[in-house]
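Novice: Have a look at this one before I ask anything.
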Amino acid sequence: MSDAAIRPHAELPVGAIGSRASGWWAMIFTIFTEGSLFAYLLFSYYYIAAQPHLPGTFPQGGVPSLALALPNTIVLLISSGFVAWAQTGVERNDKKRLALGLLIGCLLGIVFLIVQYFEWAGKSFPLASSPYSSLYFVVTGFHMAHVVVGVLVLAALWFWSRRGYFNNVRFAHVHIGAIYWHFVDAVWIAVFFTFYITPLLGLGA
Amino acid sequence: MSSITDYERMPDVAEAERRGLAQEMQRLWETGPGVRGWLSTVDHKEIGLRYIVTAFAFLIAGGVEALIFRLQLAGPNEHLLTPEQYDQLFTVHGMTMIFLYAGPVLSGFSNYLWPLLLGARDMALPRLNALSYWIYLCAGVFLYAAFAIGFGPNDGWFNYVPLAARAFNGGPNIDFYALGMILLGISTTVGAINFIVTFLRMRAPGMTINRVPILIWGTLTASAANVFAIPAVSLAFFLLWMDRNLGTHFFDTAAGGQALLWQHLFWMFGHPWVYAIVLPAMGMVSDGLPVFCRRPLVGAPAVALATVATMVLGFGVWVHHMFATGLPTISLSFFSAASIIIALPSAVGVFAWLATIWTGRPVFTTAFLFFASFILLFTIGGVSGFMTGSLPVDWQLTDTYFVVAHIHYVLIGINVFPVAGAIYFWFPKFTGRMLDERLGRWNFWLMFAGFNIGFFPMHIAGLLGMPRRIYTYADGMGWDWVNLTITAGSFVFAFGVLLLIANVVRSVKAGRFAGANPWDAPTLEWATSSPPPPYNFVVIPTVGGAHPLWEDRLGTEGETSHTRAGLVLDHGREAIGTTPVDAEPNVILKMPGDSLSPLCLALAATALFVGLLLLAWWLVALSLLGIGASILVWLWPRARLGETAGGAHV
């Protein structure tokens, strides 16, 4: 038996280290499955949108207004920026920046949810009035549920950061939570494009 | 600023026989005593066995359901069952066999075997593994609770709208089915993620991607498919639940919705799922059969690639379930061609297994008989699949008994027969005892004869025009003798399955002792004792080839495998994390101990679905809080698991 065949060539890090943590990989594949869920949701939208409709029924009430949706999209993108800023902060052992970035990201997520509430409240139709209303509220509802989870994740990470759990080596939790948040923001782009931009391009009209 | 080197260590190397090492490992890895230990264990072997036992309980239930409605169909104009009872029985039978038996039993084998095959101490995410089992159990109980109170699903296992809509199916039957399936989908998804991460991170040092056993490829491929396919069916069932309870119009054609959207979403999941419940079973044959042919599998890399290719193609064939729905010809042609192309990777497997027997020195054990007969049954099921993949034939045969024959040759032939063989093959590893070979012969021949007598005539019934899913039929249709034969055969088959169970029950206590490697097999699970200790391997094996225990007779690929000496990793529960392709060690992983969080989370999730069933929003809110709390406790960063800055714990 030769030790050389068995012993690693160098010392090995121990425990949760960035993308070597099993949880990091688990989150990547969670995002694959969640991404598929949204793909099927949007497939359902396009499948029904591509069928013939009476004028003004798809989208119901005409092309949706961008007045709240566009600024809100920007809010969500900025929140991702702050979370990324927190991530690079912890990599440099800047714990204040970590906590601040997570807090701002979390608060912007809450702002997004409040604006979405007004967006929903401003709709002239309820959930059960047509296939369009069903799609609109269910797809954006699924996304809002993901934002709620993301906000809770950021809040937990902020709390743990304040307790000093993380430093420039031990930050796997931060990165795992952050990629989830980036995913929630990225998938909104697809939802936003589907519901707000494709009608402008004539789909369903 | 900390440095990464503060968190590093050079792991010790030792001989497995080092004094006190096994005792120390036992102390670190043993599950706690009593009920609490039983409820909180994360040992993959315990979870795997629970999966297998639970799946077999469902197999028996589904089998009894089938026997009851086969009695109803044994002759014309029988009155054993009412139409409504018949509808529930055949639907619950399908749901049970496809979702509660066929998938979970393979998860059970994979859970038990994966870490042993990979030379690892556990799955990558042990607590997620426990969660996956508990949710499976809860979903099974949830679905069967409906049946027990008389509201079992009653619209066939693929549950087409509009028959499944509230207007045509007013009871809670379909709500139970819809919510239970979403719950079960969570179990399957987290299980799939665990297999993928385990494959990428937990292979023993040296187990490069070309040295991985074929069973691993089967389960890995199935898991990757599940990650992408399960959301389709979960979403379909959720939208249906919304349509039925909250008045949405996704599938409501009268209001501008699309009934066919259900079929698309269901089969986008459904067809990959068919492969998910056969590819791991084929993997078990690919690893088991060669042991009894006393040679390595012929063309192993081709079989691994064919496994992956089957699944990739399997995502592009779902419309062959919808040939009779009036879709455009161009679409039908594409999906027909794609379906027929699947014959190619399937043939790669068939010829590899045949060549292995042909060029080997077969030992005719019961396990061998089950594995070898699978090749025949798969071929018959493949040919009938090829036939229905062709448009004109499908238009003739769709919704007849021919399709029932096809699905049973495929699912019993490629799932039940390999599973029975796998029980004979791995039972010694699970229990340390051998199954009885004499009883095994009776078991095999009764199952094989009963299956073919019971299911082959279904082809003929279909060709004679007998539709599927009819609760009775008139005299003089020419279907009498064929139905009587089917019923008789299915009872013989059931008796064969009963002998399998009898053999297991008897041999657990009275079987001959097995020893570590009773079959003289080549892979790592046979390098440890039978049954394996909680930590699987005292020292981490190092792998130098695809057949670590046959290197003395096959020669090596220039590197030697080591099982008697290796990395120790004894600073708490630890495992080695390796790189995804080359399996070079790159981290020492801190593994979690027993935990009640998975059980709490499973119970809270189940309460959520009960709340949705009853439309009890207070229960929904309460369960969401429970879910949040369980996850928070689960994920709280712990110094002991090397997750926090304080205390390096290396």
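Novice: Being without any contact (Cβ under 8 Å) to a residue 60 or more places away in the chain and either more than 10 Å from chain B (Cβ to nearest Cβ) or of a type in the set (A, V, I, L, M, F, W, C) (or both) is true for just one of A:Ala5, A:Ala49. Which residue is that?
Specialist: Residue meeting the stated conditions: A:Ala5.
Novice: So, in segment A:8-19, of the ones that are surrounded by fewer than 20 Cβ atoms within 10 Å (Cβ to Cβ) and within 7 Å of chain B (Cβ to nearest Cβ), which residue ends up modelled with the lowest pLDDT? So that I can check it myself, show each step before the final result.
Specialist: So in segment A:8-19, the residues surrounded by fewer than 20 Cβ atoms within 10 Å (Cβ to Cβ) come out as A:8-11, A:18-19.
If we keep only those that are within 7 Å of chain B (Cβ to nearest Cβ) as well, we get A:8, A:11.
Values: A:Pro8: 83, A:Glu11: 92.
Among them, the one singled out is A:Pro8.
Novice: Turning to a different aspect of this structure: Just the residues that are surrounded by fewer than 24 Cβ atoms within 10 Å (Cβ to Cβ) and either more than 7 Å from every other protein chain (Cβ to nearest Cβ) or more than 31 Å from the chain's Cα centre (by Cα) (or both), please, taken from segment B:250-263.
Specialist: B:Asp252, B:Thr253, B:Ala254, B:Ala255, B:Gly256, B:Gln258, B:Ala259, B:Leu260, B:Gln263, listed by residue number.
Novice: Go through segment B:288-341 and count every residue that is surrounded by 22 or more Cβ atoms within 10 Å (Cβ to Cβ) and part of a loop (DSSP other than H, G, I, E, B).
Specialist: Looking only at that region, the number is 2.
Table: residues versus (1) away from every other protein chain (no Cβ under 12 Å); (2) open to solvent by 30 Å² or more (accessible area, probe 1.4 Å).
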position: B:Arg564; (1), (2): no, yes
position: B:Leu569; (1), (2): no, no
position: B:Ala575; (1), (2): no, no
position: B:Gly593; (1), (2): yes, no
position: B:Ala602; (1), (2): yes, no
position: B:Trp618; (1), (2): yes, yes
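Novice: Shifting gears a bit: I need the full set of residues from segment A:157-196 which are over 14 Å from the mean Cα position of the chain (by Cα), more than 14 Å from chain B (Cβ to nearest Cβ) and open to solvent by less than 40 Å² (accessible area, probe 1.4 Å), in order please.
Specialist: A:Thr194, A:Phe195, A:Tyr196
Novice: Quick check on B:Arg438: is it in a loop (DSSP other than H, G, I, E, B) and either open to solvent by less than 20 Å² (accessible area, probe 1.4 Å) or not hydrophobic (A, V, I, L, M, F, W, C) (or both)?
Specialist: Taking the combined requirement at face value, the residue does not satisfy it.
Novice: Also, quick follow-up: Output the residue which, of all residues in segment B:577-586 that are over 12 Å from A:His9 (Cβ atoms), open to solvent by 20 Å² or more (accessible area, probe 1.4 Å) and not aliphatic (A, V, I, L, M), is farthest from the other protein chains (Cβ to nearest Cβ).
Specialist: Result: B:Asp582.
Novice: I would also like to ask the following. Can you tell me which residue in segment B:620-650 is nearest to B:Tyr7 (Cα to Cα), limited to those that are at pLDDT 95 or above and surrounded by fewer than 16 Cβ atoms within 10 Å (Cβ to Cβ)?
Specialist: Across segment B:620-650, the extreme among qualifying residues is B:Trp636.
Novice: For residues that are over 16 Å from B:Asp122 (Cα atoms) and touching a Leu at 6+ places or on another chain (Cβ under 9 Å), tally how many sit in segment B:24-49.
Specialist: Within segment B:24-49, the subset over 16 Å from B:Asp122 (Cα atoms) is B:24, B:32-39.
Those left that are additionally touching a Leu at 6+ places or on another chain (Cβ under 9 Å): B:36, B:39.
Final tally of qualifying residues: 2.
Residues checked against (1) of a type in the set (S, T, N, Q); (2) open to solvent by less than 20 Å² (accessible area, probe 1.4 Å); (3) without any contact (Cβ under 8 Å) to a residue 24 or more places away in the chain:
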position	(1), (2), (3)
A:Thr88	yes, no, yes
A:Asp94	no, no, yes
A:Leu98	no, yes, no
A:Gly105	no, yes, no
A:Leu113	no, no, no
A:Gln116	yes, yes, no
A:Gly122	no, no, no
A:Ser133	yes, yes, no
A:Tyr136	no, yes, no
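Novice: Scan B:Asp155, B:Asp175 and give me the residue that is of a type in the set (D, E, K, R), open to solvent by less than 20 Å² (accessible area, probe 1.4 Å) and part of a helix (DSSP H, G or I).
Specialist: B:Asp175 is the lone residue from the list that is of a type in the set (D, E, K, R), open to solvent by less than 20 Å² (accessible area, probe 1.4 Å) and part of a helix (DSSP H, G or I).
Novice: Across segment B:209-232, which residue is nearest to B:Ala259 (Cα to Cα) among those that are within 14 Å of another protein chain (Cβ to nearest Cβ) and more than 17 Å from the chain's Cα centre (by Cα)?
Specialist: So, considering only residues that are within 14 Å of another protein chain (Cβ to nearest Cβ) and more than 17 Å from the chain's Cα centre (by Cα), the one nearest to B:Ala259 (Cα to Cα) is B:Ala232.
Novice: Identify all residues within segment B:264-280 that are open to solvent by 10 Å² or more (accessible area, probe 1.4 Å) and not hydrophobic (A, V, I, L, M, F, W, C); write none if there are none.
Specialist: Of everything in segment B:264-280, those that are open to solvent by 10 Å² or more (accessible area, probe 1.4 Å) and not hydrophobic (A, V, I, L, M, F, W, C) turn out to be B:His264, B:His271, B:Tyr275.
Novice: Against the condition outside any helix (DSSP H, G or I) and either basic (Lys, Arg) or closer than 29 Å to B:Asn517 by Cα (or both), how does B:Pro428 come out, does it pass?
Specialist: So B:Pro428 fails the test.
Novice: Still on this structure, please answer the following. Check off (1) surrounded by fewer than 21 Cβ atoms within 10 Å (Cβ to Cβ); (2) touching a residue at least 12 places away in the same chain (Cβ under 8 Å) for B:Val393 and give me the number that stays unchecked.
Specialist: (2)
Novice: Say whether the condition of being within 25 Å of B:Tyr101 (Cβ to Cβ), of a type outside the set (Phe, Trp, Tyr) and over 20 Å from the mean Cα position of the chain (by Cα) is met by at least one residue in segment B:296-309.
Specialist: The answer is no; no qualifying residue exists.
Novice: Just one of B:Ala61, B:Ala16 is crowded, with 18+ Cβ neighbours inside 10 Å, small (Gly, Ala, Ser) and at pLDDT below 95; which is it?
Specialist: Only one candidate passes the filter, namely B:Ala16.
Novice: Moving on. Quick check, is B:Phe351 open to solvent by less than 20 Å² (accessible area, probe 1.4 Å), within 19 Å of B:Met282 (Cα to Cα) and outside any loop (DSSP other than H, G, I, E, B)?
Specialist: no
Yes/no per residue for (1) surrounded by fewer than 21 Cβ atoms within 10 Å (Cβ to Cβ); (2) on the phi > 0 side of the Ramachandran plot; (3) of a type outside the set (A, V, I, L, M, F, W, C); (4) in contact with a Pro (Cβ under 8 Å, 6 or more places away or on another chain):
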{"site": "A:Ala21", "(1), (2), (3), (4)": "no, no, no, no"}
{"site": "A:Trp25", "(1), (2), (3), (4)": "no, no, no, no"}
{"site": "A:Phe32", "(1), (2), (3), (4)": "yes, no, no, no"}
{"site": "A:Gly35", "(1), (2), (3), (4)": "yes, no, yes, no"}
{"site": "A:Phe38", "(1), (2), (3), (4)": "no, no, no, no"}
{"site": "A:Leu41", "(1), (2), (3), (4)": "no, no, no, no"}
{"site": "A:Tyr46", "(1), (2), (3), (4)": "yes, no, yes, no"}
{"site": "A:Pro55", "(1), (2), (3), (4)": "yes, no, yes, no"}
{"site": "A:Leu68", "(1), (2), (3), (4)": "yes, no, no, no"}
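Novice: A further question follows. If you go through segment B:573-581 one residue at a time, do you hit one that is in contact (Cβ under 8 Å) with a residue 40 or more places away in the chain, of a type in the set (D, E, K, R) and in contact with a Phe, Trp or Tyr (Cβ under 9 Å, 6 or more places away or on another chain)?
Specialist: There is at least one residue in segment B:573-581 that is in contact (Cβ under 8 Å) with a residue 40 or more places away in the chain, of a type in the set (D, E, K, R) and in contact with a Phe, Trp or Tyr (Cβ under 9 Å, 6 or more places away or on another chain).
Novice: Let me ask another. Quick one: how many residues across segment B:507-530 are open to solvent by 30 Å² or more (accessible area, probe 1.4 Å), in a loop (DSSP other than H, G, I, E, B), of a type outside the set (D, E, K, R) and at pLDDT 95 or above?
Specialist: Of the residues in that region, 5 qualify.
Novice: Restrict the check to segment B:192-208 and report whether at least one residue is touching a residue at least 24 places away in the same chain (Cβ under 8 Å), away from chain A (no Cβ under 11 Å) and assigned to a helix (DSSP H, G or I).
Specialist: Within segment B:192-208, not a single residue is touching a residue at least 24 places away in the same chain (Cβ under 8 Å), away from chain A (no Cβ under 11 Å) and assigned to a helix (DSSP H, G or I).
Novice: Something else now. Please specify each residue of segment B:369-390 satisfying the condition of being outside any helix (DSSP H, G or I) and either surrounded by 21 or more Cβ atoms within 10 Å (Cβ to Cβ) or in contact with a strand residue (DSSP E or B) (Cβ under 8 Å, 6 or more places away or on another chain) (or both).
Specialist: Matches in segment B:369-390: B:Gly389 only.
Novice: While we're on this one: Residue by residue through segment B:107-129, note down the ones that are under 14 Å from the mean Cα position of the chain (by Cα), open to solvent by less than 10 Å² (accessible area, probe 1.4 Å) and more than 13 Å from every other protein chain (Cβ to nearest Cβ). I'd like the intermediate steps shown before the answer.
Specialist: Let us first name the residues in segment B:107-129 that are under 14 Å from the mean Cα position of the chain (by Cα), namely B:107-114, B:129.
From what is left, the residues that are open to solvent by less than 10 Å² (accessible area, probe 1.4 Å) are B:108-114, B:129.
Within segment B:107-129, B:Gly108, B:Phe109, B:Ser110, B:Asn111, B:Tyr112, B:Leu113, B:Trp114 qualify.
The values are calculated or read from the model by the stated rules, or taken from the named source; none is laboratory data. Values in this document were obtained by computation on a predicted structure and should not be read as measured data. All Cβ positions, glycine included, derive from the backbone under ideal geometry; neighbour counts span all protein chains shown. Remember, those area values only see protein heavy atoms, side chains included, never the ligands or the DNA or RNA. Shrake-Rupley method; radii C 1.70, N 1.55, O 1.52, S 1.80 Å.
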